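Laboratory data are not the source of any read-out in this text; all were calculated from the coordinates shown. The structure presented is a predicted model; accordingly, all values stated were derived computationally and were not measured. All Cβ positions, glycine included, derive from the backbone under ideal geometry; neighbour counts span all protein chains shown.
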Amino acid sequence: MRKRYIVLTAYIVFLLLPIYWLINMSFKTTNEILGGFSAYPREFTLDSYRTIFTDPSWYGAYINSITYVLINTVISIVVALPAAYAFSRYRFLGDKHLFFWLLSNRMAPPAVFVLPFVNLYSAVGLFDTPWAVALAHTLFNIPLAVWILEGFMSGVPKELDETAYVDGYSFPAFFIKIFLPTISAGIGVAAFFCFMFSWVEMLLAKNLTSVSAKPIVAAMTKTASTSGYELGLLAAAGVLTLIPGAIVIYFVRNYIAKGFALGRV
Amino acid sequence: MNKVVNNRAWWLVLPVFAMVLFNALLPLMTVVNYSLQETFGNNEFFWSGAIWFEQLLHDDQFHASLLRQIIFTSIVLVIQIPLGLAIALCMPRSGPWVSVCLVLLALPLLVPWNVVGSMWNIMALPDIGLLGKAINSLGIPYNYTRQPISAWFTVVLMDVWHWTSLVVLLCYAGLVAIPDAYYQAAKVDGAKPWAVFRYIQLPKLKHVLTIAILLRFMDSFMIYTEVIVLTGGGPGSTTKFLSIDLVQKALGGFDLGPAAAFSIVYFLIILLVSWLFYTLMMRDEAK
Amino acid sequence: MAEIRIDKLRHSYMANPQSEDDYALKRLSLTWQDGGAYALLGPSGCGKTTLLNLISGLLTPTEGTISFNGRDVSHASPEERNIAQVFQFPVIYDTMTVYDNLAFPLRNRGVPEDEIKTRVGEIAEMLELTRTLNNRASGLTADGKQKISLGRGLVRSDVNVIMFDEPLTVIDPHLKWQLRSKLKELHLRTKRTMIYVTHDQTEALTFADQVVVMNQGEVVQSGTPIELFEMPQHTFVGHFIGSPGMNVLPCEVRGGRAVFGGEAISVGNGEKATGKGRTEIGVRPEFISLANSGIAAEVIRVADAGRFRIVETRSHGHLVKLLVKEGEQVPTGQTFLAFDPEHTQIYEDGWMAGARR
């Protein structure tokens with residue numbers, strides 16, 4: 001028993017070390033960083049964070065990222081809900097083929113889509129807006145959301161629907177007032193995964209924007225390459241990107257295992 | 001569940017269908033289109049047949065990155081699947097610590113991919129990074145920007161850090177779903193821990209393991225951001241994987257044809273391997 | 001095989017039980033003979049599964065001891081106790097064949113392969129599994145799987161006791177009866193001690209020589225099916241066993257007789273009654289008959305139940321049910337009831353007057 005907890009603890013320490021190191025760096029001055037190895041900040045400073053919160057090209061990038069992540073999550077869920085319902089309740093012409101075609105998009109390397117997406121979104125005039133990134137990410141998130149939601153919906157007995165119709169509910173009223181609250185856990189899990197993918201993806205987000213909608217992930221690579229060794233700033237920006245993720249995990253912690261338990265991720 | 005045949009359900013699927021069509025079909029058509037044509041700029045295109053595909057098949061650079069990709073994906077799978085399974089077996093089955101462990105384990109999954117790269121960049125710097133300093137002080141020369149072996153080691157370690165949690169979470173969910181009676185029966189039957197693992201846990205985890213392997217195969221085969229931030233594909237092109245190669249070709253050159261052909265071959269490899277693997281794993285179940 | 005002695009056993013799932021209510025199983029002492037067929041009967045949550053798991057060693061008791069043949073095993077593991085258990089949901093090893101499933105407990109104990117072959121052969125014969133021995137166990141139906149679980153217990157020739165935790169829950173109704181008679185037959189053939197946990201009185205009464213009725217963590221009565229039927233020690237047993245259950249009517253005790261609705265009624269345990277506490281008469285519908293004089297009642301409803309009819313009457317404001325044989329006349333309206341004094345008891349605070357507690 002004890003041996004197992006030692007292994008588990010060791011693994012979690014391994015997970016936390018790089019995060020600690022990132023936080024450690026973010027509180028150091030540039031001089032200290034370049035001065036040599038130190039396991040904790042000797043001259044504790046908030047300078048890097050101050051820069052990020054005062055420079056619009058930094059905090060603007062955060063706002064851009066959050067904007068497209070939220071747009072993407074909302075669109076993906078809203079669109080996926082009725083589709084998942086259709087897949088879980090009905091058989092219709094080409095349903096299986098459609099389902100597998102949707103899922104096959106999850107297997108497409110984003111790198112394949114970079115160039116055509118740039119062309120496509122430039123053509124429709126959305127290039128360099130949060131909408132371009134949000135819509136591009138739906139290609140991967142909608143199939144995922146449909147898959148997760150379909151799993152949760154299949155767990156709800158069909159009798160629920162039938163009872164509601166007998167009680168005189170129309171389809172939209174039933175769907176919104178009865179069905180959605182029943183599968184709220186599933187919506188939470190699906191939203192979590194949409195949020196997650198959209199938040200962590202960089203390749204498309206970077207290439208579909210240039211100046212006005214530049215996301216934080218792109219702003220960071222720029223710092224890394226152009227301004228040389230501003231490691232403190234880079235670390236601080238990195239730390240700040242962990243926060244939304246941590247908050248989201250905290251809220252869905254009880255559903256994570258459940259979502260995974262369906263074997264649908 | 002018995003499903004009702006109802007073609008009006010198409011109306012419910014229509015929004016998804018339209019969006020994915022817009023996002024997937026148009027770009028894919030563009031790619032196919034480019035892959036069969038040749039351009040000299042000015043929006044003039046000429047039919048070129050399968051020439052780009054033929055060229056790709058004889059392209060040493062493509063062969064090299066494909067080989068690197070296969071080696072990388074294999075190493076990653078060989079490490080992450082057993083490790084993830086082992087960690088999941090170490091997890092407590094109930095109690096207040098479960099949530100804490102789950103949250104900590106899920107943390108790497110929510111770090112933006114470029115931040116993962118930056119994080120390991122900082123971590124692995126030979127002089128001021130925790131990892132780099134530690135290895136060098138053991139007397140092992142380590143510099144991931146110069147030595148291919150160090151670079152590979154760092155990239156693999158980073159991917160293990162980043163993605164093993166996904167395998168852990170999947171396996172853990174599978175383990176929790178095994179009814180207590182199985183463990184009790186095994187106790188009563190006098191089964192040793194190894195037999196419990198071999199005859200109860202492993203068979204019950206088959207489904208989630210299939211999914212874990214599939215997801216890890218796909219995602220590691222598409223790896224781009226973390227590596228580009230950490231090593232930029234270097235030193236030289238020793239960590240240049242397929243996606244990095246493709247993006248360089250697509251965004252760097254004027255010739256869209258070769259990149260488009262590359263894209264198609266790349267996508268087809270992933271589809272084919274995933275399909276083969278899934279069918280093989282699920283064949284037993286159908287019986 | 002072993003005689004099982006349970007001495008002052010108590011169990012709580014809490015770390016620090018404070019009051020009596022914290023105990024899932026209240027203090028209990030019992031002795032079970034070697035080779036007997038026993039049933040633990042009670043509603044869900046009465047503590048019967050707790051008791052079962054304590055005996056099998058899946059749980060360690062908070063207090064008290066369990067001994068097999070005089071050896072204290074309270075803290076021994078299930079393996080050391082050498083018991084077998086069949087669970088509510090069939091547990092089989094999916095990837096193994098039926099043969100390997102049956103051989104599994106023997107292989108874990110290092111029994112030589114040729115001996116395994118003979119044992120498994122015998123057991124498979126007994127359970128009618130011989131034809132499917134080489135099939136994958138996962139392909140079997142629920143009753144087949146449950147037979148395998150049982151078989152894994154039977155193959156070991158030295159098991160102290162085989163325990164069943166509601167084993168027929170997931171079995172189709174028409175197969176339940178078959179499997180039940182199979183169990184009874186196996187008990188007669190193998191003479192193993194068997195303990196059968198259930199909430200179904202039919203299963204318990206047909207299987208066991210001795211039935212232990214539990215309620216709210218306590219044993220309310222332990223006895224043969226006949227004793228439980230004729231002499232319920234507690235009104236709970238009266239209600240729980242028998243269909244319809246025992247009539248329980250409030251009464252007063254006067255001079256060794258029960259007085260119900262102003263009518264003095266002769267009872268079996270009159271001289272033992274103290275008249276203290278809440279006093280009630282308990283009488284089963286089987287032991288009430290229609291009469292020309294006696295306790296006045298009014299017939300409300302007659303329901304046909306096959307070989308007999310259930311007559312519902314109202315007497316002095318209380319519902320009284322009785323059974324009437326097929327073909328017998330049932331009057332409408334006013335009538336009189338007679339209680340069989342041999343099988344009519346006085347209960348005080350739920351317990352039969354004079355019963356050992």
Within the stretch C:279-315, whose backbone N sits under 20 Å from a point 7 Å along Cα→Cβ of C:Ala338? C:282-299, C:309-315
Can you say what percent of the DSSP beta bridges in the protein assembly as shown, counting only those with both residues inside, are antiparallel? Round to 5. 75 percent
GNM, chain C, Cα, under 10 Å: largest mean-square fluctuation among C:Arg119, C:Arg309, C:Arg109? C:Arg109
Average Cα contact separation per residue, the stretch C:4-230, under 8 Å, 6 or more apart, as relative contact order %: 30 percent
Here the net charge surrounding C:Arg309, from other residues whose Cβ is less than 13 Å away from its Cβ (Lys, Arg +1; Asp, Glu -1), is -1
Give me the percent of DSSP beta bridges within chain C that run antiparallel, rounded to the nearest 5. 75 percent
Using the Karplus curve 6.51 cos²θ - 1.76 cosθ + 1.60 with θ = phi - 60°, what ³J(HN,Hα) values do you get for each residue of the stretch C:231-238, in whole Hz, with x for Gly and Pro? 10, x, 6, 9, 4, 4, 4, x
For C:Ser44 and C:Val259, FRET efficiency with R0 = 35 Å and r from the beta-carbon atoms, rounded to 0.05? 0.40
Longer than 20 Å from Cα to Cα, which of B:Lys206/C:Lys117; B:Lys187/C:Lys145; C:Lys147/C:Lys184 are they? Say none if no pair is. B:Lys206/C:Lys117
Could you calculate the contour length gain from C:Asp158 to C:Glu252, that is, 0.36 nm times the residue separation minus the distance between their Cα atoms, to one decimal place in nm? 28.3 nm
Determine, from the Cβ-Cβ distance of A:Ile63 and A:Ala185 and an R0 of 35 Å, the FRET efficiency 1/(1 + (r/R0)^6), rounded to the nearest 0.05. 0.70
Chain C: most fluctuating residue of C:Pro285, C:Pro61, C:Pro105 per GNM, C-alpha cutoff 10 Å: C:Pro105
Top mean-square fluctuation among C:Met126, C:Met231, C:Met214, Gaussian network model of chain C, C-alpha springs under 10 Å? C:Met126
Spatially proximal lysines relative to C:Lys26 (Cα-Cα < 20 Å; intrachain offsets below 8 disregarded): C:Lys8, C:Lys48
How much length is gained if the chain between C:Thr118 and C:His174 is pulled fully straight, taking 0.36 nm per residue apart and subtracting their Cα-Cα distance, in nm to one decimal? 17.0 nm
Could you tell me the distance between the Cα centroids of the stretch B:171-220 and the stretch C:239-315, to the nearest Å? 58 Å
Could you check the simple spin-label distance between C:Arg27 and B:Gln147, using points 7 Å along Cα→Cβ, in nm with one decimal? 7.3 nm
Residue-wise, which Karplus ³J(HN,Hα) couplings in Hz belong to the stretch A:205-213, taking 6.51 cos²θ - 1.76 cosθ + 1.60, θ = phi - 60°, and x for glycine or proline? 4, 6, 7, 8, 10, 10, 10, 6, 10
Given an 8 Å cut-off on Cα distances and at least 6 residues of separation, report the relative contact order of chain B as a percent. 28 percent
Each label sits 7 Å from Cα toward the beta-carbon; between C:Thr65 and B:Ala50 the label points are separated, in nm, by 8.5 nm
Collect residues whose amide H, placed 1.01 Å from N in the peptide plane, falls under 5 Å from the amide H of C:Ser74; neighbours closer than 5 in sequence don't count. C:Ile66
Check cross-link reach from C:Lys272 to the aspartates and glutamates: straight Cα distance under 12 Å, and skip same-chain residues fewer than eight apart. C:Glu348
Using 7 Å Cα-to-Cβ label points, what is the B:Ala134/A:Leu70 separation (nm, one decimal)? 3.9 nm
